[in-house]
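Nothing in this text is a laboratory measurement; each read-out follows from the coordinates by a stated rule. Not measured: the values here are computed from a predicted model. Glycine gets a Cβ as well: all are built from the backbone with ideal geometry, and neighbour counts include every protein chain shown.
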Amino acid sequence: MSFANEQFLYVLILFGMIVIIPYLVLCFAPLKVLEPWKSVVSKDKSIIRPLLLSLSTLAIIYGVFLLGSLVKFQQDLPTWYLVLSVPMVIFIHDAYFYWTHYLMHKSKFLYRFHKHHHQSGDTTPLDAFAFHPVEAFIHFIFFVIYPVIIPTSLEIMQFMFLWMLICNSAGHLPYEFYPKFLYDFPIIRQFNTATHHHMHHQYYNSNFSLYYNWWDRWMNTNQKSYFMRFQEVKEKTHSILKKGLHPSG
Ligand SMILES: [Zn+2]
């Protein structure tokens with residue numbers, strides 16, 4: 001099997017497991033047990049638009065893999081370098097995503113492509129890949145540029161793709177599963193939550209970061225009410241769960 005076909009098969013399997021299955025199970029199955037974690041009332045159940053955009057994104061990814069077959073991945077990198085490569089590639093991709101996303105909002109020319117992703121007010125995991133082809137190319141060309149500039153192995157890039165898809169799908173969930181303690185102490189306010197990305201879809205001009213809350217804090221682009229909103233969502237969850245445990249109380 002060619003390099004592009006092999007990598008594309010890997011992406012299709014991940015897409016099915018991390019996007020399609022959670023979308024169908026969490027957004028359509030009547031799972032009463034999950035109700036307390038529902039942070040957003042998902043009114044937008046349209047499947048055709050995000051599905052068509054996702055299919056075009058998959059086509060772009062295949063094109064990127066055709067380019068990727070020209071890249072020379074390293075095979076004999078020392079273990080210490082591979083271990084260091086994981087936080088390094090995540091940090092660099094976090095910066096790449098923040099700045100490209102920020103520019104897509106600040107440039108009128110680029111926003112005409114990004115606005116297709118923002119057509120979903122209430123997001124679902126299916127929005128993880130719901131991009132205009134130009135935006136999809138901007139996002140996924142990273143997987144070709146990075147190994148050209150920084151020596152890396154194919155396995156590191158495959159891990160990066162897996163990490164990106166998990167965080168992207170989780171960020172678009174209409175549920176807030178992240179624990180409250182993540183934001184109880186400013187020093188451990190690291191990971192972005194589903195509430196963070198929902199607020200981005202609601203306000204447009206803030207909360208641009210993907211994995212970690214660092215860039216939004218460094219650039220002062222966190223939505224002002226974000227930490228408060230996250231606490232409110234978690235307190236609502238806690239109170240519903242408490243009532244469920246003690247219905248007479
Ligand atoms: Zn955006």
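Treating each Cα of region 3-176 as an identical point scatterer and summing with the Debye formula, the log10 of I(q)/I(0) at q = 0.10, 0.15 Å⁻¹ comes to -0.42, -0.91.
A cut-off of 5 Å between modelled amide H atoms, ignoring neighbours fewer than 5 places along the same chain, links Tyr212 with Asn192. Once every DSSP H run of n ≥ 4 in the chain is given -39500 (n - 2.57) and the sum is divided by its residues, what mean residue ellipticity at 222 nm do you get, rounded to the nearest 500 deg cm²/dmol? Result for the chain, helices only: -18500 deg cm²/dmol.
Under 14 Å Cα to Cα from Lys72, which aspartates and glutamates show up? Leave out anything in the same chain fewer than 8 places away. Cα-Cα hits under 14 Å: Glu155.
Listed by chain and number, the lysines whose alpha-carbon sits under 27 Å from that of Lys115, ignoring those within fewer than 8 places in the same chain, are Lys38, Lys43, Lys45, Lys106, Lys224. Annotation for Asn205 and Phe137: the two label points, set 7 Å from Cα along the Cα-Cβ direction, are 3.0 nm apart. Amide H contacts for Tyr175 (H built 1.01 Å from N in the peptide plane; partners 5 or more residues away or on another chain; cut-off under 5 Å): Ser39.
Whole-Hz Karplus values for region 94-100 come out as 4, 5, 4, 5, 4, 6, 5 Hz, taken residue by residue from phi with 6.51 cos²θ - 1.76 cosθ + 1.60 and θ = phi - 60°; glycine and proline positions read x. Label-to-label distance, Leu9 versus Phe91, with points set 7 angstrom from Cα along the beta-carbon direction: 3.6 nm. Annotation: extensible slack from Gln74 through Phe181 equals 34.5 nm (criterion: 0.36 nm per residue apart, minus Cα-Cα distance).
The trypsin sites (Lys or Arg not before Pro) of region 56-154 that meet both conditions, a loop assignment by DSSP and at most 13 other Cβ atoms within 10 Å of the site Cβ, are Lys72.
Each Lys or Arg adds one and each Asp or Glu takes one away; over the other residues whose Cβ falls under 14 Å from the Cβ of His114, this sums to +2. Once backbone amide H atoms are built at 1.01 Å from N, Thr152 has Gln74 as its partners under 5 Å, excluding neighbours fewer than 5 places away on the same chain.
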